[in-house]
Amino acid sequence: MFESRRRGLVPLVWTLGVGGLLPGAGWLAPLAAPAMPPGTRAPEALRDTVVSFAADILPIFQQRCAQCHGGEGEDGEVYTEAYLDLQTYKGVMAGSEYGPVVTPGDPGESVLIEMISEGEMPEEGDPVPPEEIAIISAWIEAGAPDN
């Protein structure tokens, strides 16, 4: 987990924060893309970053999506609304009953990015912050590797 962060997101944070793009939390502004229309790419700041499914993407899904898409309820049942399981790489790539949710290499064509960018998901709870959408977009743009 830490190896991925050392190579990827932590240096990005250090560079953007220390580099002083914007003071305080404003350094996240370049990462914030409220929507990813078809044909768009991940923010420039994340393009050379190694994003790990296990270390970076899965924790976002566990925090924001597991209630409905792969989490286990008190009764021991695993919930997979629309047959979408976001708790495993295999589940993410299998998609939902409506088809694929990730188009490797193209975040603008990925239903997952569309749903979270437009605020349609999660239906309950806080929306996915733009910086987390940017991380997911960078992972998809990199080909959505199982790493």
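None of the figures in this text is laboratory data; all of them are computed from the coordinates on show. From a predicted model like this one, the values you see are computed outputs, not experimental measurements. FYI the Cβ positions are ideal-geometry reconstructions off the backbone, even for glycines, and counts take in every protein chain you see.
For the reader, a short list of remarks on this structure follows.
- Residue in the range 95-108 that is without any contact (Cβ under 8 Å) to a residue 24 or more places away in the chain and not in a loop (DSSP other than H, G, I, E, B) present: yes
- Of all residues making up the range 85-112, the number that are of a type in the set (Phe, Trp, Tyr) and under 16 Å from ILE57 (Cα atoms): 1
- Of all residues in the range 113-147 being hydrophobic (A, V, I, L, M, F, W, C) and out of contact with any Ser or Thr (no Cβ under 9 Å at 6 or more places or on another chain), the one that is surrounded by the fewest Cβ atoms within 10 Å (Cβ to Cβ): MET115
- Taking the range 61-94 as the range and being surrounded by fewer than 15 Cβ atoms within 10 Å (Cβ to Cβ) and assigned to a loop (DSSP other than H, G, I, E, B) as the test, the residues that pass are GLY73, GLU74, ASP75, GLY76, GLU77, THR88.
- The set of residues in the range 120-147 being in a helix (DSSP H, G or I) and charged (D, E, K, R) consists of GLU131, GLU132, GLU141.
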